[in-house]
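Asker: My questions all concern the structure below.
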Amino acid sequence: MTIEIKNLNIYFNEKTKLQAVNNLSFGVKKGEIMGLVGESGCGKSLTSLAIMRLLRKNASFSGEINFLGKNLLNLSAKEMASLRGREISMIFQEPLTALNPLHRVGKQIGETLKIHTSLSKKERKEKTLELMNEVNLKDLEDTYKKFPHELSGGQRQRIVIAMAIACEPQLIIADEPTTALDVSTQTQIIDLLKKLNNKKDHSLLFISHDLDLVGDLCHRIAIMYAGHIVEVIDKLKDAKHPYTKCLLDAIPNPLHKGKDLYSIPGRVPTLSERKNGCPFAPRCPMAKDKCHEILPELLEKKNGHLVRCLYV
Amino acid sequence: MKKLIGLLAVLMLMVSGCGKEEKSSNENTLKTKVDGGELIVRISQDMDFLDPHKALAAGTYEVMFNVFEGLLKPTHEGKLIPAVAESFEISKDNLVYTFKLRDGIKFHNGKNVEVEDIIFSLTRIGGDFSGNSVVRDLAKNIKEIRKIDNKTVAIELNKVDGTILSKFTTAIISRDVVDIEKSPIGTGPFKFIEYLPGQKLVMEKFKDYWMTGVPTIDKVEFSIIKDEQSSILSLQRGEIDLYPRLGSTHISTLENTNNIIVTKQNLMQILSLNNKVKPFDDIRIRQAIAYAMNSQEIIDTLDAGLGKSIGTNMSPVMKNYYNIETEGIYTHNIEKAKKLLKEAGYENGFEFTLSLPTNYRFHADTGVIISEQLKKVGIKANLVEVEWGTWLKEIYAGRKYEGTVIALDGKIEPYDILNRYISSHRRNFMNYESKEYDTVMKEITQTTDEKIKIELYKKAQMILAKDIPVVFIMAPAGIIATNKDLRGYTPYPIYVQDISTLYFVK
Amino acid sequence: MNIKVKDHNLIIGGGILIFLLLITGVSFFYLPHSVTEINTKLKLSPPNFPYLLGTDNFGRDILSRLMKGSQTAFLVGIISVGIGSVAGVFLGAISGYFGGKTDEFIMRITDAMMAFPGILFALMFISVFGVGIQNTMVAIGIMSIPTFARITRSGFLREKELEYIKAARVRGASNFRIIYHHILPNVLSPIIVAATMSFSNAILAEAALSYLGLGVQAPNPSWGRMLSESQMYFMIAPWYTLAPGIMISLTVLALNMLGDFLRGYQER
Amino acid sequence: MIYFIKRISIMIFTLFLVSIISFSVFQIIPGDPALSKLGIEASQEQIDTLRIELMLDQPASTQYIFWAKNILKGDLGESIRFSRPIKELIGERISVTLSLGIYAILIAVAIGIPLGILNAKYNDTKFGACLSIFSQAGLAIPEFWLGIIFLIVFGIIFKFFSLKYVSFGDDPMAHIGILTLPALALAISRISVVARHMKNIILEEEEKDYVRTAYSKGLSMNKIYIFHILQNALIPTITVIGMLTAGILGGAIIVEQVFNLPGIGTLLINGVTTRDIPLVQAIITYIASVVVIINFLIDILYRIIDPRISI
């Protein structure tokens, strides 16, 4: 296990204390691509920020995140800083704003090397060009000197990826890296991530709301709803949990031609509206009375297939 | 020759001793006189012209008095002593004035003064030199200037003028100085060095000045500081050695850091009422206002009780000419004021605008006090502060006002102080017309006999005191603050700072 | 409601302002002493019982002059902000909404007006139209027009592109109605913030103008005038200059803090 | 490049407008410069001859054209009061006002920016609240009153700074010494302006994504502040400094009066009271054009520094 999260809870203390994520537990094996899927507001991005310890000041958390034998939640700022970029790195959603507009892209990649390695200036530049090549960027010398606004969305995301893999980290977290890109660049970036994952043995935590995308890319997928993991499966098609099934039905595919598109009734409950019992109960087509009272356990059905539902 | 000396003696007798009471505090005699030294004097206004024949502003003459000298020169006692001229004679018919050049007198550029220079200077003020617009009164009355010999010059007048003598203080300049404005060269005790407008005017000791033993100070800087507050602070820091015309309010602050010299000033503060504007054309109204006003309260509030209330347009400083009986004609008396108002038909008072010049805080504050005092008799004075440029044009030249507060500065010649009230005079902004007054003033110019002139001056002052074209408030005290170690300050009855008599002690 | 630290602006600023408004309110009915009556004997006396804050160089009670002066200060503030905001918002609205030539023209005029430092503009205005409280208010009002115009214009440019305006136009709303009814309410909050700021600037400007001798006329008291008159007696009567100085600083501080609170509130 | 040319043409038009305003204002002022010059004693015909000499009797339009032509030729005409070329007068004194202004801006920036950063860092804490009150207090005190207090406290009681003006040429150190107090009086209110803008800009930048990327790279908080946040925050700060110029020059006029510095401020006030119209017009146009030009330069500088915007 590269990283293991045990009963992670994240709270927001604005006027009253609201729970965004409640006792989340999952792990990512070495070299594995783990998908974390869910509608927006289910707490998936919060989890990634918790791992990187980049949550806002008004958020508090509890539980454990074991990584390389240490619990990240107890590390000091200095220790955490030395880990970031070297052992864990992150790829963000918005390539447009993720880079500092005033610095040249080559230098921004070099900065990670500067912090964590003792390479000389010249060596750093060579390594940067090497990394840029690995992420399939063209005319490297020229792009090295360019500013972020002079590159396309796809190129910028490749720069971010180059930054992420610069120090061969154990774990890379990709928080919806392709959402802001057009479809063709999206597939290129996904292939790049796949290729990098095979070549190097880092593990990748891929966060998205796009089931199709996650289906092709990830070895294992965890589906989240309202702060809980409701199902962990290898292949989407053998999904058991009603919520996953509803999500799959909602994907338009040629087979259901002529039928109107299915959409899940109701809407995702806000943090303050969450009650006990199964979080999906209010919208679940198979919901029974008991579902509203007790929160089902996340039980293992078949090797590795976990489901949080009383009736499956 | 005998007549000449007689005349001089009489002159000395009559205008003797004014403003010499030097009440300088904490004077100790241990200190010894120091030769040389650098003096910094604070003045508040810039020069209008450095060319003596063009300059008219009082502030310029105050400074350049140390650079330029005329045939005659005023002294601190208000007398006229020979300067460029050694002596002079007046012909029996009072038409020809013959001046004898002082031998060995030099210009600042080292050239000896010659008779041709005197002729050049006196013709120059006739206004016929290139592009100059200033024609002096003296020039109008000169018929002819004749060179008698290398030492003497005679000046013939068109008509007799008993008051012309003081005009011979006009500056004598060298005929071959190309641009007098750029290099103001004269014969005075100090030589001009440089002038930075708005900053300073610097002059230094003229070694071969004709009067021996004077001046002692080596270098003088007239520092132009407009803002009173910062100049007081510079004085306290010792960055100013001589501060003329100090406001009385600062005496207590400066008492221990500087010498304070209190003298009487040849200055008359008046509440001028436009005689052509209703109701001020009625003498009873002016008298009522005079009775309602309490000048002593103004003196105590604004001049620390040092000023002197006056009844006519003459300061006690002009000793021999001052008419003592004019004091106390209109002392503060509310009932009389109300009675007069009733007689004039203004039972329950009236309203008028009192315009006050903004750059003279002293007069503006006086206006505030007067408006309070007049309230007691039902007269409402609306205060309007008027900017100096506007005051000069609208009120002084344009005479478009009802009431204003200003001070009129005195001159060496009493005639120049009183001629303002002549009906035809260009600056009679009070619009005062009195046949009787005009005839008296006319007679004065006809005679050169001092006794008759004194009687006539006193008569003129009495007419003014009775007619009260303006309400005479006070002759403000002249307060000068100096560096603790500065001695020899001689106050003048005119707007002048004589640096030549000053010296440092250590 | 738990007042968090960020609301300190409201508490302190509001507190001071209420205190000052109280003083102004009271001054309309009761003044400890007459504001203009002179008594020379009491000249420049330090703070003592009948005269709580001492007397000025005419022997007048400083406290009552301060209270009367607060009326002038708020009057100057309100009227000059009124002039500035009405004219400024009107100009800003037109140039922001219609754009093109009118925008260019109005903006150039505001540029030119902004090129003159405020005091200089007021100096010129008052030298032409004469001193006095009315002219001071108008001068300070004109001085604040460019800032209001700028803020309104940027607000209008931002709102103009939004859909709800297009929708209103589709419904056939007239330009005037769109400006007045739709856009203005949404642009109001930065204008209110600017109004508090220019209110405090007006008080500072009045003080500066009085220092140059151009402000409010004697004998009616204004803080700025008292400040410039009292500076001469700083050494012998420091309380005379401290009183108006502190009043001006307190008022301006209170207004600025309220402005900051409103700005914070507007972003929330 | 077209932006560049457009900006220049706007600037020239604004300067033209400024000259019209400053010229016309002084045409309708009551008061007569000739009379102010010659004073009480002068006779009417002496004043009239001076008025003709100074073209004061010409119609306003001819005077303006004559004046505008001269300005383009660089001849600002002659001051009535000092009967000397205005260019010379301004030349002598401009260094005082400029060094005072620059000195004040430097102080405002040097203290304002760190104060702004501190304000931003401790934004929600008690200390932050006190800091923001302190910086607001600076804005609340009238400049000239502050000047007088400095003058008296540091000038008289503690005698730190001499008040006698010494030009830069004669003794640079004393020159700076003398300008310290007035510059401080001028700068105090600007410090609060800079601090407030700085705080708001930093709070904005902190939220930006590239800051999160920087954290994810393992940079320490201080490094992030210095290399990333501050650099991005400095660009908008330049426009804030640009905005200060008009205020600083306005303030300089008053502070020069308090400290009696021979700058163009005192010259201007003197000119207004003595109705020295050519001098006042020249100074007003001069100050206004300095403000317009500085804002123009700031705008261009803004474009050059920020790579995102092409000129």
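Asker: From the gyration tensor of the Cα coordinates in the stretch A:1-114, what semi-axes in whole Å does the equivalent ellipsoid have, largest first, with each one equal to sqrt(5λ)?
Answerer: Computed over the stretch A:1-114, the values are 25, 19, 15 Å.
Asker: Continuing with the same structure: Karplus couplings for the stretch C:204-212 from phi (6.51 cos²θ - 1.76 cosθ + 1.60, θ = phi - 60°), rounded to Hz, Gly and Pro as x?
Answerer: So the J values, rounded to whole Hz, are 5, 5, 4, 5, 5, 5, 5, 4, 7.
Asker: State log₁₀ I(q)/I(0) for the stretch B:68-169 at q = 0.15, 0.18, 0.24 Å⁻¹ as given by the Debye formula over alpha-carbon point scatterers of equal weight, solvent excluded.
Answerer: -0.62, -0.91, -1.49
Asker: Once you sort the root eigenvalues of the Cα gyration tensor of the stretch B:380-506 as a ≥ b ≥ c, which label holds: rounded (a/c under 1.5), prolate (a/b larger than b/c) or oblate (the other case)?
Answerer: oblate
Asker: To continue, here is another question. Take the eigenvalues of the Cα gyration tensor for chain A, scale each by 5, and report the square roots as semi-axes in whole Å, largest first.
Answerer: One finds semi-axes of 36, 23, 17 Å for chain A.
Asker: Residue A:11's amide H: which non-local residues (gap 5+, or another chain) put their own amide H closer than 5 Å, with H modeled 1.01 Å from N in plane and none for Pro or chain starts?
Answerer: Under 5 Å from the amide H of residue A:11 lie the amide H atoms of A:20, A:60, A:61, each far enough along the sequence or on another chain.
Asker: Over all residues in D:217-227, what is the mean tally of Cβ atoms on other chains that come within 10 Å of each residue's Cβ?
Answerer: So the per-residue partner count for this stretch is 5.
Asker: Rounded to a whole number of µm²/s, how large is the Stokes-Einstein D of the stretch B:165-225 at 25 °C and 0.890 mPa s, given Rh as the Kirkwood radius over C-alpha pairs?
Answerer: Estimated via Stokes-Einstein, D reaches 186 µm²/s.
Asker: Which residues' amide hydrogens lie under 5 Å from the amide hydrogen of residue B:86, considering only partners 5 or more residues apart or on another chain, with H built in the peptide plane?
Answerer: Sorted by chain and number, the residues that satisfy this are B:100, B:101, B:102.
Asker: In addition: Please give the average number of partner chain Cβ atoms lying within 10 Å of the Cβ of each residue in B:228-235, rounded to a whole number.
Answerer: 6
Asker: A further question on this structure: Expressed as a fraction of 2.2 N^0.38 Å, the rule-of-thumb size for a compact globular protein of N residues, what is the C-alpha radius of gyration of the stretch D:89-278?
Answerer: Rg over 2.2 N^0.38 Å, computed on Cα atoms: 1.22.
Asker: What FRET efficiency comes out for the pair residue A:11/residue C:23, r = Cβ-Cβ distance, R0 = 41 Å, nearest 0.05?
Answerer: 0.30
Asker: Per-residue counts of other Cβ atoms within 10 Å, averaged by peptide: what ranking do you get for C:252-264, A:149-161, highest first?
Answerer: Result, highest mean first: C:252-264, A:149-161.
Asker: Okay, helix-only estimate at 222 nm for chain B: each DSSP H run of n ≥ 4 adds -39500 (n - 2.57), divide by all residues, round to 500 deg cm²/dmol; what do you get?
Answerer: So the calculated ellipticity at 222 nm is -7000 deg cm²/dmol.
Asker: In units of 2.2 N^0.38 Å, what is the alpha-carbon radius of gyration of the stretch A:138-180?
Answerer: Cα Rg divided by the expected 2.2 N^0.38 Å: 1.27.
Asker: How big is the stretch A:154-270 by the Kirkwood estimate over distinct Cα pairs, in Å?
Answerer: One decimal place: 16.1 Å for the Kirkwood radius.
Asker: Rounded to the nearest Å, what's the spacing between the alpha carbon centres of the stretch C:14-32 and the stretch A:51-125? Just the number, please.
Answerer: Spelled out, the Cα-based centre of one part sits 57 Å from the other.
Asker: Here's another thing I want to ask about it. Hey, could you get me the Stokes-Einstein D for the protein assembly as shown, Kirkwood radius over alpha-carbon pairs, 20 °C and 1.002 mPa s, rounded to whole µm² s⁻¹?
Answerer: 57
Asker: Report D for chain B in µm² per second (integer): Stokes-Einstein, Kirkwood Rh on Cα pairs, 25 °C, 0.890 mPa s.
Answerer: 101
Asker: For n ≥ 4 DSSP H runs only, could you compute -39500 (n - 2.57) per run for chain D, divide by its residues and tell me the 222 nm figure to the nearest 500?
Answerer: After summing the helix terms and dividing by residue count, I get -25000 deg cm²/dmol.
Asker: Let me ask something additional. Could you work out the helix-only [θ] at 222 nm for chain A, with each DSSP H run of four or more residues adding -39,500 (n - 2.57) and the total divided by the number of residues, to the nearest 500 deg cm²/dmol?
Answerer: -9500 deg cm²/dmol
Asker: Taking the highest mean first, how do the peptides B:418-431, D:209-222 order by number of other beta carbon atoms within 10 angstrom per residue?
Answerer: Descending mean neighbour count gives D:209-222, B:418-431.
Asker: Just check the stretch B:69-113 against the gyration tensor rule for me: Cα atoms, a ≥ b ≥ c as the square roots of the eigenvalues, rounded for a/c under 1.5, and otherwise prolate or oblate depending on whether a/b exceeds b/c.
Answerer: oblate
Asker: Hey, another quick one. Among A:250-259, C:76-85, D:6-15, D:244-253, how do they line up from the highest to the lowest mean number of other beta-carbon atoms within 10 Å?
Answerer: Listed from highest to lowest mean packing, they are D:244-253, C:76-85, D:6-15, A:250-259.
Asker: State, in angstrom, two size descriptors of the stretch B:267-475 derived from its alpha carbons: Rg to one decimal place and Dmax to the nearest whole number.
Answerer: 16.5, 51
Asker: Take the alpha carbon gyration tensor of chain C, find the square roots of its eigenvalues, order them as a ≥ b ≥ c, and report rounded if a/c is under 1.5; if not, report prolate when a/b exceeds b/c, else oblate.
Answerer: Since a/c reaches 1.5 and a/b is larger than b/c, the shape of chain C is classed as prolate.
Asker: Another question, if that's okay. Can you give me the long-range amide H partners of residue B:406? Hydrogens built in the peptide plane at 1.01 Å from N, cutoff under 5 Å, separation of 5 or more residues or another chain.
Answerer: B:270, B:272
Asker: Just in the stretch B:277-335: which GluC sites (Glu not before Pro) are loop by DSSP and have at most 15 other Cβ atoms within 10 Å?
Answerer: none
Asker: Then there's this: Counting residues in the stretch C:1-107 as N, plug N into 2.2 N^0.38 Å and put the Cα Rg over that result.
Answerer: Against the empirical 2.2 N^0.38 Å value, I get 1.69 for the stretch C:1-107.
Asker: Could you give each residue of the stretch A:289-304 its phi-based ³J(HN,Hα) in whole Hz, using Karplus coefficients 6.51, -1.76, 1.60 with θ = phi - 60°, and x for Gly or Pro?
Answerer: Once rounded to whole Hz, the list reads 4, 4, 3, 6, 8, 9, 8, x, 7, 8, 9, 8, 7, 10, 3, x.
Asker: Still on this model: Over the whole of B:379-385, what's the average partner chain Cβ count within 10 Å per residue? Rounded to a whole number, please.
Answerer: Mean partner shielding for this stretch: 3.
Asker: Using the Karplus curve 6.51 cos²θ - 1.76 cosθ + 1.60 with θ = phi - 60°, what ³J(HN,Hα) values do you get for each residue of the stretch A:92-109, in whole Hz, with x for Gly and Pro?
Answerer: 9, 7, 9, x, 4, 9, 6, 9, 5, x, 9, 10, 6, 4, x, 5, 5, 5
Asker: Mind jotting down the distance between the C-alpha centroids of the stretch D:230-279 and the stretch C:35-104, whole Å?
Answerer: 24
None of the figures in this text is laboratory data; all of them are computed from the coordinates on show. Just so it is clear, the model here is predicted, and its values are computed rather than measured. Methodologically, a virtual Cβ is constructed for each residue, glycine included, from the backbone with ideal geometry; neighbour enumeration extends over all protein chains shown.
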